[in-house]
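Each remark here refers to the structure printed beneath this line.
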């Protein structure tokens, strides 16, 4: 059942694709893939991880086979640390071994790691083959599956090696969320809070109201509740619509842009978030958890430099708190964290750029050199070492 169909039109290229959002969509995904590819592909590589494939792989593969595709399965291990060059090279070799052509396609069935890796492999194999996104985590649904950023991690930073490469389509089946672990829901809703904070009071309040009405501790029970299913679907659609609008007008994150509609604003919370992931070797935090902590740090800095009031900082802390308990950070070394900022991909020239907040719906891009070192140090300690 398709409840929402959103279109994304990229202004800087001829790219146009649809994002379909609904319930029980996987069983007919073969027809969706065929339509997205205009009937040109004969072979598809379905990339996933073992856990997701065990839950949804057979249903997805059977629908593809039924539609007439020759299907090849490639499974990667779960976790950010497997989004690397070595795994990328093995996936590219798999494409080659199965003789994919430029009209064949790769399909990512999984979370952000699967999507980022598959998209990057598709971008560079034969200088580009089509790929499609079927995200299975909330975070991937509202963030990484939309916008065309593909990448792998490396020793010198997260997502520093990648390409802008748009999918041919995105299929969001909200029913898969009922099998998510609690931490995955927390990670996804941290991203939702982030997008609400930089978007508008309307999206922020919609996200906060959802979290207040439906405790994530009881999420599995709610999937028999029609009101819950409709509200989470509407929230996903609103979150995606916001990101799609930003991406459509600034596909490649124009370095010169510093306005409130720049794609850079999506990096709110990510400077600290990526640094936290890097110094813990991508093994301690889930991406969304690190972003949740990054949001609070960025808001604390915003308050301490005098652009955000205490009431909004408290509100933001409270709503992030509704997403669940985040990993302990009392042993995080602030100096190591600050060193990790130097490798952050959001640098412009020699200066690190921070996305701070003036109020809900009003992000601002700030040159890192304008933030006094003592304020940065104090803010990070207040949040992470308390």
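Coordinate-derived values only; no laboratory data. Since the structure is predicted, the reported quantities are computational estimates derived from the model, not experimental observations. All Cβ positions, even for glycine, are placed from backbone atoms using ideal geometry, and neighbour counts span all protein chains on display.
Note on residue 201 and residue 101: with the Förster distance fixed at 51 Å, the Cβ-Cβ geometry gives a FRET efficiency of about 0.55. Send over the Kirkwood Rh of the stretch 199-266, from the inverse of the averaged 1/r over different Cα pairs, rounded to one decimal Å. This gives a value of 13.7 Å. Sequence-distant contacts, meaning Cα pairs under 8 Å at least 6 residues apart, place the relative contact order of the chain at 15 percent.
Could you run the Debye sum over the Cα atoms of the chain, one equal point scatterer each and no solvent, and tell me log10 of I(q)/I(0) at q = 0.06 Å⁻¹, two decimals? So the normalised log intensities work out to -0.21. The slack in the chain from residue 31 to residue 73, taken as 0.36 nm per residue of separation less the alpha-carbon distance, amounts to 13.3 nm. A protection proxy built from the mean count of other Cβ atoms within 10 Å ranks the segments 97-105, 296-304, most packed first, as 296-304, 97-105. Working from Cα positions, state the angle (0 to 90°, nearest 10) between the long axis of helix 201-213 and the longest principal axis of the chain. Around 80 degrees separate the two axes.
What the Cβ-Cβ distance of residue 181 and residue 280 gives, at R0 = 22 Å and to the nearest 0.05, is a FRET efficiency of 0.70.
Available extension along the chain between residue 234 and residue 209 is 7.7 nm, counting 0.36 nm per residue and deducting the alpha carbon span. Rounded to the nearest 10 degrees, the inclination of helix 112-124 to the longest alpha-carbon principal axis of the chain is 60 degrees. If each DSSP helix of 4+ residues adds -39,500 (n - 2.57) and the sum is divided by the residues in the chain, what number results at 222 nm, nearest 500 deg cm²/dmol? Calculated mean residue ellipticity at 222 nm is -13500 deg cm²/dmol. Remark on the stretch 30-156: ratio of C-alpha radius of gyration to 2.2 N^0.38 Å is 0.96.
The calculated FRET efficiency for the pair residue 339 and residue 224, based on their C-beta separation and a Förster distance of 41 Å, comes to about 0.25. Between the helical axis of 270-279 and the dominant principal axis of the chain, each derived from Cα atoms, what acute angle in degrees is found, rounded to the nearest 10? Compared with the principal axis, the helix lies near 80 degrees. Extending 7 Å from the Cα toward the beta-carbon at both residue 256 and residue 330 defines two label points whose distance is 5.0 nm. Peptides 277-284, 47-54, 251-258 ordered by packing proxy, namely the average of other Cβ atoms within 10 Å per residue, highest first: 47-54, 277-284, 251-258.
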